[in-house]
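Note sheet for the following structure.
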Amino acid sequence: MQRALSFNSSPRLGVPLRFLINTPLFVLLAALLLLWAGPSALGSRWTGHALALTHLFTLGVLASAMIGAMMQILPVATGINMLAPRATSIATHLLLTVGTLGLAAGFLTVNPALFQLAILLLGGAFAWLLISGFCGLWRDRRQATKGSTEILVATRLALAALLVTVVMGLLLAASFVWPLPVSRLFTDLHSAWGLLGWVGLLVMGMSYQVIPMFQVTELYPKVLTRWLAIVVFVLLLAFGANLLRDPLGGVEIGYTLAILLLLAYGAYAYATFRLLWNRKRPQADTTTRFWHTAVFCLAACIPVWLAQIIMDADRAVTLGVLFIVGFAWSAVNGMLYKILPFLLWYNAQRDLDVALREVPKVKQILPDDMAARQYWVHLAAVAMLVAASLWPADFTRPAALLLAVSALWLAANMARALLFYRRALKNIACALAVHHGQGVGPHAGSDPS
Ligand code: HEM
């Protein structure tokens, strides 16, 4: 049984939209940085270029898209609103955008002033977001809609994981300004909570709603939606405790917990693949293909991680590319093609008291064939980036070029949808003027119901 959605609690269009617009722009910025930096950027996870690329993607692209999606889906799917959604959206977007640019520039120049700026702005962005989020979750806890528990559990845990990630990130950034005793151990914890906690849990929580809704599949198995996010969170806590308890020892426990975390995500990947394979609508649309790519890349992290341990090789960059770009960005890119046209359609008719044929259909706003062309470039970019992580000298610049083309294509598709929406609003305003001025103009006598 599909969950009840209350579209009337949908925030104004600008609240999620400004974050969604960030995504292709930051992907383009990351691609141009990779093109400029060349093979050395993917030679090691520790280069300034690699750290800048990691945060242009994790903050500029993923955090932006997820905050936008959360501010849209949370009120509609759970009846829970963040505090002051419009002010929170404007302030968090500005602080996150400039803060991410500051942090990336800090990694490229190792200039302490830029790290100080990033600490201030990113600290402000996430403090505002987390306070608004947790207060909203607490204030509206009694009006959570029926059947939304699973999304809420995963969202609460994802927000908690974001809090841990951000606190460690700010500490790590502070160690680039002041002589703080922060070991690289913290970086592993920071990236584990950031990727397997915040990114992984939020994609999981949102997919529990958007895959059955937009891909017309069955709901996820109840045991999975009830327990998986909690299991992942507890494993991350144990992983952190083990690392802090015995930084140099505890290797066996560390590996066991890491394998359990990978198996948990493997179970999520398998369940998602099964739902998509058995979906009621046989014809795969572009978003289905993006989800297939996302699930495949997530599952591919398991053999790559195991091979790294067995062969004692460093595959951190390949794992980063597979998880951040292959899994998380593919899922977000695919969802943009469902969320954006839906948002524009909903906002075009939300205040209308009559049915007008000037209101465009969702499919007209961003036709699937336009999305399909961008998907194939995205797929080629992901494949080339994985190859570049293994053979940087041969594939880095071709991969960067493909990623840039894919980002530009997505930006062009989103711009076309927004222009189409603006034109539709003009047509609707004309039709409404005629309708309320009954007896004059082409629509006289049209049926208002
Ligand atoms: C307030 C926001 C953040 C700040 C200030 C920040 C800061 C940092 C710093 C300074 C490092 C480098 C540490 C070192 O050189 O040892 C780092 C590494 C890293 N951060 Fe962040 N970070 C933030 C948010 C995030 C988020 C949200 C994610 C993921 C979703 C993330 C993922 C990573 C990863 C994966 C690495 C390790 C890179 C590697 O090992 O290859 N960061 N972060």
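The values are calculated or read from the model by the stated rules, or taken from the named source; none is laboratory data. Predicted model only: the values in this text are computed from it and were never measured. Counting neighbours? That spans all protein chains shown, and the Cβs are built from the backbone with ideal geometry, glycine included. These area figures cover heavy atoms from the full protein model, side chains too; ligands, DNA and RNA do not enter into them. Shrake-Rupley method; radii C 1.70, N 1.55, O 1.52, S 1.80 Å.
Order the peptides 289-295, 267-273, 379-385, 303-309 from the highest to the lowest mean number of other Cβ atoms within 10 Å of their residues. Show your work: numbers first, answer last.
Working: 289-295: 22.4, 267-273: 19.0, 379-385: 20.9, 303-309: 14.7.
Ranked from most to least packed, the peptides come out as 289-295, 379-385, 267-273, 303-309.
Within the accessible area of the stretch 1-157, what % is carbon and sulfur when the probe is 1.4 Å and the other protein chains stay in place? Write out the running numbers ahead of the final one.
Numbers: 4270 of 6030 Å².
Whole-percent figure for carbon plus sulfur exposure: 71.
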task = Please list L408, L74 in order of solvent-accessible area, largest first, computed with a 1.4 Å probe with all protein chains present.
result = L408, L74
request  = Would you tell me the accessible area of L42, worked out with a 1.4 angstrom probe on the heavy atoms of the protein chains, in Å² to the nearest 10?
outcome  = 20
note = Two pseudo-spin positions, 7 Å from Cα along C-beta at D368 and at L390, lie apart in nanometres by 3.3
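Hey, if we sort I230, I365 by accessible area with the 1.4 Å probe, largest down, what's the order?
Output order, biggest surface exposure first: I230, I365.
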Vicinal HN-Hα couplings computed from phi for the stretch 115-132 (Karplus, 6.51 cos²θ - 1.76 cosθ + 1.60; Hz; Gly/Pro x) = 5, 4, 4, 5, 4, 5, 6, 5, x, x, 4, 6, 5, 4, 4, 5, 5, 4
task = Based on a Kirkwood Rh over C-alpha pairs, give the Stokes-Einstein translational diffusion coefficient of the stretch 219-366 at 25 °C and viscosity 0.890 mPa s in µm²/s.
result = 134
inquiry  = If each residue of separation counts as 0.36 nm, what is the full-extension length gain between A383 and R274 once their alpha-carbon separation is subtracted?
reply    = 36.9 nm
ask   = Taking one equal scatterer on every alpha-carbon of the chain, how large is log10 of I(q)/I(0) by Debye at q = 0.06 1/Å?
value = -0.26
query = At a Förster radius of 22 Å, what calculated FRET efficiency corresponds to the Cβ-Cβ distance of A429 and A84, to the nearest 0.05?
reply = 0.15
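Considering only protein heavy atoms, what per residue accessible area in square angstrom results for the chain with a 1.4 angstrom probe? Kindly include the intermediate steps, with their values, before the conclusion.
Working: 19310 Å² over 449 residues.
Heavy-atom accessible area per residue stands at 43 Å².
Test of understanding: what is the full-extension gain from V98 to L306, defined as 0.36 nm times their sequence separation minus their Cα-Cα distance? Write down the numbers at each step before the final one.
On the way: separation 208, 0.36 × 208 = 74.88 nm, distance 3.76 nm.
Contour length minus the Cα-Cα distance gives 71.1 nm.
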request  = Express in Å², to the nearest 10, the accessible area of F342 obtained by rolling a 1.4 Å probe over the protein heavy atoms while all chains stay in place.
outcome  = 40
